[in-house]
Amino acid sequence: MVYKGDEYEYEDRVGKLKDGLGVVLEDFYQLAGKLAKDEDWVFRVEYDDDMEGVEVLEAKAEWISVEDLTVEEGTSTLKELIPYSGILNSEGLHRPLLSVQLTKLRDGLAMGLAFNHAILDGTSTWHFMSSWAQICSGLPSISLLPFLDRTKVRNTKVKFQLSPPDQNGSSTDDAKPVDQPLRERVFKFSESGIDKIKSKINSNIPSGGSKPFSTFQSLAVHIWRHVTQARQLKPEDYTVFTVFADCRKRVDPPMPESYFGNLIQAIFTVTAAGLLSMNPPEFGASMIQKAIETHDAKAIEERNKQFESAPKVYQFKDAGVNCVAVGSSPRFPVYEVDFGWGKPETVRSGINNRFDGMVYLYQGKSGGRSIDVEISLEAGAMERLEKDKEFVLEVN
């Protein structure tokens with residue numbers, strides 16, 4: 001997250017952020033703990049007053065301007081502004097669950113945050129960030145307390161033994177990204193562009209029980225089809241669409257929006273590249289819609305039992321072959337996080353969860369129904385996607 005401001009405001013802002021963090025952690029105290037395991041390799045979160053808690057780092061990069069970080073093309077500079085790039089969730093056994101790097105820019109402040117994804121998801125992340133901002137803005141307490149009792153969802157203990165570390169100290173199970181020439185870019189879809197995509201797909205809803213397609217389903221199939229085309233797959237090649245879905249309202253009993261933890265599951269659908277491309281977009285949209293709607297409490301329970309019977313560390317390849325995997329949500333209030341000095345100029349994801357086909361959706365900075373689509377692709381496919389007039393035509 002990047003905020004505008006002159007050099008004289010930096011120290012005051014850092015002080016306010018640290019003070020506010022100390023207050024908000026009284027409610028979100030699990031973030032100040034660490035991962036621990038017992039002799040049976042059952043993991044848990046531990047926290048007490050003697051722990052080091054959340055790590056706060058300060059840095060200077062006064063040769064970098066706010067404008068440098070608001071470009072649509074991905075930049076290697078982001079890696080230097082976010083702590084623990086390349087560090088895995090399992091390393092929470094000996095690293096903080098949250099690390100914050102506050103970097104002084106030429107004309108502003110960059111907040112780089114590294115959360116351990118094992119203990120929270122996007123919904124909980126932005127609940128925490130909004131609450132922190134409320135305290136810094138002068139509210140005496142946060143507006144929505146976190147719901148911390150995870151046993152209400154599932155109360156099981158899973159033996160989860162990681163492989164021994166290699167000579168470099170990393171577990172052989174670690175899901176590290178494979179080095180490949182990836183490019184990242186943000187495509188900004190305006191309200192009118194989103195409405196055009198949604199209207200086109202809903203103009204011919206298939207018979208057989210399909211309901212009108214949501215904004216997410218419409219944009220998702222638009223991305224899936226055009227990324228598949230940009231990859232130049234053979235008609236018989238499989239392509240997977242994956243969405244990391246919030247399960248708070250899907251589990252039985254449903255959990256409140258304030259449930260603090262990681263309550264997402266990956267939902268998959270697959271088809272041949274030729275079928276996806278040759279059929280109208282509502283073909284793929286129907287597949288996405290069906291996969292999302294059928295992932296109910298029973299499906300979640302079955303997935304949980306499957307994992308508990310054979311625990312594993314998931315790797316990027318588990319998202320599926322030739323995948324388009326969507327995380328984050330335009331519903332997250334990323335541009336509403338105001339610590340008392342205005343809204344952020346830009347919000348970007350870090351590099352730890354990037355792989356070929358990973359997509360992050362954010363609310364557009366222009367507001368309304370606009371959506372920013374952050375895509376990571378193999379360099380050649382990205383170049384073709386940028387030149388795809390039917391894809392970028394909607395971007396303005």
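The values are calculated or read from the model by the stated rules, or taken from the named source; none is laboratory data. These numbers were taken from a predicted model, which means no experiment stands behind them. Backbone-built Cβ (ideal geometry, glycine too); neighbour counts: all protein chains shown. In case anyone asks, the SASA skips ligands and DNA or RNA and just uses the protein heavy atoms, side chains included. Shrake-Rupley method; radii C 1.70, N 1.55, O 1.52, S 1.80 Å.
What whole-number distance in Å separates the alpha-carbon centres of the stretch 282-339 and the stretch 185-199?
Rounded to whole Å, the Cα centres lie 22 Å apart.
Restricting to the stretch 2-152, what percent of DSSP beta bridges are antiparallel, rounded to 5?
Given both bridge residues lie in the stretch 2-152, the antiparallel proportion sits at roughly 65 percent.
Roughly what % of DSSP beta bridges within the chain run antiparallel, to the nearest 5?
The antiparallel fraction comes to roughly 75 percent.
Counting other Cβ atoms within 10 Å, which chymotrypsin sites (Phe, Trp or Tyr not before Pro) in the stretch 251-305 have at most 12 and lie in a DSSP loop?
Values: sites: 259, 260, 268, 283; in loops: 260.
Here no chymotrypsin sites (Phe, Trp or Tyr not before Pro) fit, given the DSSP loop and packing criteria.
Do you know the relative contact order of the chain, to the nearest whole percent, from alpha carbon pairs under 8 angstrom that are 6+ apart?
Taking the mean separation of contacting Cα pairs over the length of the chain, I get 22 percent.
Select one label from (i) -1.18; (ii) -1.61; (iii) -1.46: the one whose number is log10 I(q)/I(0) by the Debye sum over Cα atoms at q = 0.15 Å⁻¹ as derived from the coordinates shown.
Given (i) -1.18; (ii) -1.61; (iii) -1.46, the structure-derived one carries the label (ii).
How about the stretch 291-338: which trypsin sites (Lys or Arg not before Pro) there are in a DSSP loop, with at most 15 other Cβ atoms within 10 Å of their Cβ?
312, 331
Sort out for me the Cα centre separation of the stretch 4-77 from the stretch 347-396, rounded to whole Å.
That distance is 26 Å.
Which value, in Å², gives the accessible area per residue of the chain when a 1.4 Å probe is used on the protein heavy atoms?
Details: 19670 Å² over 396 residues.
Value returned for the chain: 50 Å² of accessible area per residue.
Which lysines have a Cα lying under 17 Å from the Cα of residue 34, excluding residues fewer than 8 positions away in the same chain?
Candidates past the 8-residue exclusion: nothing left.
Ignoring everything except DSSP H segments at least 4 long, calculate the 222 nm mean residue ellipticity for the chain; use -39,500 (n - 2.57) per segment, divide by total residues, nearest 500.
-8000 deg cm²/dmol
Treating cross-link reach as a plain straight distance, find the lysines whose alpha-carbon is under 25 Å from the alpha-carbon of residue 298, omitting any fewer than eight places away in the same chain.
152, 157, 159, 211, 249, 290, 312
Compare the peptides 216-223, 40-47, 106-113, 15-22 by average per-residue count of other Cβ atoms within 10 angstrom and give them in order, highest first.
Order by mean packing, descending: 216-223, 106-113, 15-22, 40-47.
Computing the accessible area with a 1.4 Å probe over protein heavy atoms, can you report the carbon and sulfur percentage for the chain?
Using a 1.4 Å probe with all protein chains present, the chain comes out at 49 percent carbon and sulfur.
Lysines near residue 188 by alpha-carbon distance under 23 Å, same-chain residues fewer than 8 away left out - which ones?
Here the lysines satisfying the reach criterion relative to residue 188 are 4, 79, 196, 198, 200, 343, 365, 387, 389.
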